[in-house]
Amino acid sequence: MRCGLSGLRLGRLALMVGIGFSGWSGLQAQQKLVVDSAKSEVHFTLVDTLHTVRGTFHVQQGEVDFNPSTGEAGGSIVVNALSGTSGNSMRDKRMKKDELKTESFQSVTFAPKRFTGAFHTSGDSALQVHGLFTMLGTTHEIDVPMQVQVSEEQLHAVGSFAIPYVKWGLKDPSSMMIKVNKEVQIDLLLVGTLR
């Protein structure tokens, strides 16, 4: 009889522990990244026959929901297209007016949809993020390799990818004398808080 009671108690304890762990993992499954726009930015590099142009855009806002268990993601990162600077005011003015058409399109967005790779709530993670990149009102699917580091609730992520901007409808800035590469290299820095 004692054995039966003991077995019953152990069974109940195991069930309670199982339920507890199941509830805990469910609570931990969904994560939200709130981007710190003051610390996040987008760097671009464009090469032509004479020199290399480097510049920066500011991240306006961003929130990303993601599930480490399923790889599903949602939300968006919004970049202020008017904030682009390359160290040359004439070139920047031309870039915003002719290439980015900022009178009509003030922002560029990236909306992550899913990712592969193991996300760690502490330390380093290597992820491949698939999402929708919208520029000049047109959306394109892209994959962005991201290196992520988490310390407590602070997240730091960097990613690099190339944009075939001419193919995507932006004006080719090449001239008779200067030939410009048809792809621009993007280096994304995101800093934020996990909630």
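Every number here is computed from the coordinates shown, using simple stated rules; none is lab data. Just so we're clear, the structure is a prediction, and the values are computed from it rather than from any experiment. Note that each Cβ is placed from the backbone with ideal geometry, even for glycine, and that neighbours are counted across all protein chains shown.
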Please tell me if LYS93 is of a type in the set (Lys, Arg), over 15 Å from LEU46 (Cβ atoms) and in contact (Cβ under 8 Å) with a residue 24 or more places away in the chain.
no
For the range 151-179, which residues satisfy the criterion of being surrounded by fewer than 18 Cβ atoms within 10 Å (Cβ to Cβ) and of a type in the set (A, V, I, L, M)?
VAL158, ALA162, VAL166, MET176, MET177, ILE178
Of the residues VAL191, VAL166, VAL180, VAL184, which single one is under 22 Å from LYS32 (Cβ atoms) and of a type in the set (Val, Ile, Thr)?
VAL191
For the range 176-186, does any single residue satisfy the condition of being part of a loop (DSSP other than H, G, I, E, B), basic (Lys, Arg) and touching a residue at least 60 places away in the same chain (Cβ under 8 Å)?
yes
Given the conditions (1) within 25 Å of LYS167 (Cα to Cα); (2) surrounded by 15 or more Cβ atoms within 10 Å (Cβ to Cβ); (3) small (Gly, Ala, Ser), report the number of the one that SER104 does not fulfil.
(2)
For the range 47-82, which positions are surrounded by 19 or more Cβ atoms within 10 Å (Cβ to Cβ), within 21 Å of ASP187 (Cα to Cα) and among the hydrophobic types (A, V, I, L, M, F, W, C)?
VAL53, PHE57, VAL59, VAL64, ALA73, ILE77, VAL78, VAL79, ALA81
